[in-house]
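Presented below is the structure to which this report refers.
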Amino acid sequence: MAGKDKALIAYGTRYGATKGTAEEIATVLRKEGIDVRVINVGKEQVEDVSPYDLIVVGSGIKMGMWTSEAESFISKFQKELANKKVAFFVSAGSYKIDELLGKPVTKIKEQYLDEKAAKYQLQPIALGIFGGIWDRKNFPRWWKPASSVFKIFDIDARIKAAGYKEIKTGIWDSRDWNAIRAWAEQLALQLLNAP
Ligand SMILES: Cc1cc2nc3c(=O)[nH]c(=O)nc-3n(C[C@H](O)[C@H](O)[C@H](O)COP(=O)(O)O)c2cc1C
């Protein structure tokens, strides 16, 4: 009998949302019988990706940027990833607000995912854009535009309109767990049904 398929989920996070999302993806993949290792690339180094059939790279987005650690992981293993099944996902806490402000999700996906895949000449089998944790305290005080942007665009009202969940006072979680699980299930199918 052939051994279990192996997956690595390598993620970078600043505020923790991507960790939770990575773990949820792992739970789904494991239920499908896949052997999954999850690592925070900000804390742990990976020396060898050869044992894995699938590599999922996830990152939180801050001011339009991936974490440097998740990006370094892709850059370090660019050659190996070119010959593997790869999937990318991002935790983009404000993408639903951006949508409400008129930026289509296709543009956001292009900016955060398609451009990253193109930069490293990779062809991921899946790209996921999920929400994140929206905590105003994480915006630096010196970032003056933040406070005026909040006021001008009435961001608090938009957070509510976008259906974000208030998990603690003033902290909103825009992750859609059903969407995350559905994405992971599709990913498992793609891996398990591959020739
Ligand atoms: C200073 C700051 C800048 C942010 N910039 C963006 C952004 O450009 N686009 C976006 O979709 N979300 C943005 N967010 C929301 C984050 O994506 C959200 O906090 C997410 O949870 C980050 O992932 P992490 O928790 O894994 O670090 C920003 C949050 C902060 C605090």
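For the reader, a short list of remarks on this structure follows.
- GNM result for the chain, Cα springs below 10 Å: residue of Phe130, Phe89, Phe139 fluctuating most strongly: Phe139
- For Asp154 and Glu99, a Förster radius of 25 Å and the Cβ-Cβ distance give a FRET efficiency of 0.95, rounded to the nearest 0.05.
- Within a Gaussian network of the chain (alpha carbon springs, distance under 10 Å), most fluctuating of Leu100, Leu127, Leu54: Leu100
- The stretch 1-100: translational diffusion in µm²/s, Stokes-Einstein, Kirkwood Rh over Cα pairs, 37 °C, 0.692 mPa s: 234
- Three-way shape call for the chain based on the alpha-carbon gyration tensor, with the a/c threshold at 1.5: prolate
- Distance violations [Cα-Cα > 28 Å] among Lys43/Lys119; Lys116/Lys151; Lys116/Lys168: Lys116/Lys151; Lys116/Lys168
- Highest GNM mean-square fluctuation among Ser75, Ser91, Ser174, for the chain modelled with Cα contacts below 10 Å: Ser75.
- Stretched out straight at 0.36 nm per residue, the stretch from Glu115 to Glu47 would grow longer than its current Cα-Cα span by 21.9 nm.
- Computed from backbone phi, the HN-Hα couplings of the stretch 122-138 come to 10, 10, x, 7, 8, 10, x, 10, 10, x, x, 9, 10, 10, 4, 5, 6 Hz, rounded to whole numbers (Karplus: 6.51 cos²θ - 1.76 cosθ + 1.60, θ = phi - 60°; Gly and Pro given as x).
- Length gained when the stretch Ser75-Lys31 is fully extended (0.36 nm per residue, less Cα-Cα span): 12.8 nm
- Residues Ile39 and Lys107, FRET efficiency given R0 of 45 Å [Cβ-Cβ distance, rounded to 0.05]: 0.90
- Summing Lys and Arg as +1 and Asp and Glu as -1 over all other residues whose Cβ lies under 12 Å from the Cβ of Phe130 gives a net charge of +1.
- Amide H contacts under 5 Å for Phe89: Val57, Gly58, Ser59, Gly128, restricted to partners 5 or more places along the chain or on a different chain, H placed in the peptide plane at 1.01 Å from N.
- In nm, spacing of pseudo-spin labels at Lys62 and Ala179 (7 Å Cα→C-beta vector): 2.3
- Gain upon complete extension [Ile167, Ala82; 0.36 nm per residue less C-alpha separation]: 26.7 nm
- Rounded to the nearest 20 debye, the dipole magnitude of the stretch 8-160 is 620 debye, with +1 charges on Lys and Arg beta carbons, -1 on Asp and Glu beta carbons, and the Cα centre as origin.
Throughout, read-outs are computed from the coordinates displayed, never taken from laboratory work. Quick caveat: nothing in here was measured; it's all calculated off a predicted structure. Methodologically, a virtual Cβ is constructed for each residue, glycine included, from the backbone with ideal geometry; neighbour enumeration extends over all protein chains shown.
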